[in-house]
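Report on the structure given below.
Bear in mind these aren't lab numbers, they're just calculated from the coordinates by the rules spelled out. Just so it is clear, the structure is predicted and the values come from calculations on it, not from any experiment. Positions of Cβ are backbone-derived with ideal geometry, glycine not excepted, and every protein chain shown enters the neighbour counts.
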Amino acid sequence: MRIALGVSYLGSAYHGWQSQPDGKTVQDRLERALAQFADVDNIHTLCAGRTDAGVHGLGQVVHFDTDITRAMNSWVRGTNRYLPLDVAVQWAREVPTEFHSRASATARRYSYIVLESPVRPSLEAGRVGWVFRPLDLAAMQAGAQHLLGEHDFSSFRAAQCQALSPVKHMHRISIRRHGAYWRFDFEANAFLHHMIRNLMGCLLLVGQGLRPPGWMAEVLAARSRDAAAPTFAPDGLYFVGPVYDARWGLPDAMPGLDWLPA
C-alpha cells in the first residue's frame, strides 16, 4: 500500500530536509523512526517540497510504499515514539498508488515571520526573522504586486538550484502585521532554491525605505542574482505545505498553523 504522512518539524537543528551522509536531516530522522516502528531495515520517503537548513515545516507531506499492515493512527503514534521532540508525524492516510507527494501537488505555500524590533529576538530565536528598522506595509504590498503571475525568477534563484526552469507562477502574496510581528505568505505552483529568502531580502529593503517598490520589477526583469538583495536568514521561514486536489482526501492544515501570528 502507499501511505501519506503529514509531518511538522522545527528545522533549527537539522541540515535541511533532504537526506545527507551525515544523517543530520529531517528525512533521515523520519526514515529511521519509520523503520524502527515497522521493524524493517529501511523505509524510503518522498516529500512534497525540500526545505533548507534552519527552515521549519508545518505541513510537509511525504509518501512511502510498504507491505506492512498497521492502523493509520499507529503509524502516527508509533513513529512519533522514535522521533525527537522537534519532529512529529501529525496524520497518516492510505492513498492510491497514483498519488505522489510532489507530483500531485498543484501549489506550495510558505510563510515567513519577521520581528520588527530595535532589539534582536530571544525567546523566538531561530523561529522568526528580524529587522530593526520600521517597515512600511503599503510599500511592500506595492512591491509584491510586481511578483504576481508567471515570471522568470532567475534573479531570486540560488546558484546551486537544480530546477529545470526558472519560470514559476506566483499565485498569491499576502503581507500582514500582528503587533511587532509581520507575516508574509507566498503561494506558487513551485519555488526555486532560496527563492523565498531572496524575495524576502528584497521586500524588506523596500519596506525599510531603502529601495522604491518599483525596484522589485527591475530586479525581476534583470534575470540575474546580482541584481537582488542578499539572501535573508532562514530562521522565520515555514513550509506551510502543498496544495492537493480534494479527491485525495488529505488534510489541508495542521495545528501548528495556529501558532503563527495571523
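Using the count of nearby Cβ atoms within 10 Å as a rough guide to exposure, how do Arg32, Arg176 rank from fewest to most?
Ordered by Cβ neighbours within 10 Å, fewest first: Arg176, Arg32.
Check which residues have an amide H placed less than 5 Å from Arg70's amide H, if you skip close sequence neighbours.
none
About the Cα centre, and with charges only on the beta carbon of Lys, Arg (+1) and Asp, Glu (-1), how big is the dipole of segment 84-207? Nearest 20 debye, please.
Value, rounded to 20: 180 debye.
How long are the semi-axes of the equivalent ellipsoid of segment 1-95, defined as square roots of 5 times the Cα gyration tensor eigenvalues? Whole Å, largest first.
Computed over segment 1-95, the values are 20, 13, 12 Å.
Taking +1 at the Cβ of each Lys and Arg and -1 at the Cβ of each Asp and Glu, which of Val167, Met216, Gln18 sits farthest along the dipole of the chain towards its positive end, judged by Cα position relative to the Cα centre?
Met216
Starting from the alpha-carbon convex hull of segment 53-93, give the projected area averaged over all orientations, in nm².
Taking a quarter of the hull surface, the average projection is 3.6 nm².
Place a +1 charge on the Cβ of each Lys and Arg in the chain and a -1 charge on the Cβ of each Asp and Glu, then give the dipole magnitude about the Cα centre in debye, rounded to the nearest 20.
It comes to approximately 380 debye.
Per residue and in cubic angstrom, what volume does the convex hull of the Cα atoms of segment 178-262 have?
It comes to 130 Å³ per residue, whole-number rounded.
Within 13 Å, Cβ to Cβ, of Gln18, how many net charges do the neighbouring residues add up to if Lys/Arg are +1 and Asp/Glu are -1?
Once all neighbours under 13 Å are counted, the net charge is 0.
Rg over Rh of segment 89-244, using C-alpha atoms and the Kirkwood radius, what does it come to?
0.99
Sort Ser122, Ser19, Ser101 so the one with the fewest other Cβ atoms within 10 Å of its own Cβ comes first.
By the 10 Å Cβ count, ascending: Ser122, Ser19, Ser101.
Sort Leu30, Leu220, Leu199, Leu85 so that the residue with the fewest other Cβ atoms within 10 Å of its own Cβ comes first and the one with the most comes last.
Leu85, Leu220, Leu30, Leu199
Amide H neighbours of Phe153 under 5 Å, at least 5 residues apart or on other chains, H built in the peptide plane: list them.
Val167, Lys168
Which entry in (1) 1.09; (2) 1.03; (3) 0.96 is this structure's computed Cα Rg over 2.2 N^0.38 Å?
Label (2) holds the value from this structure.
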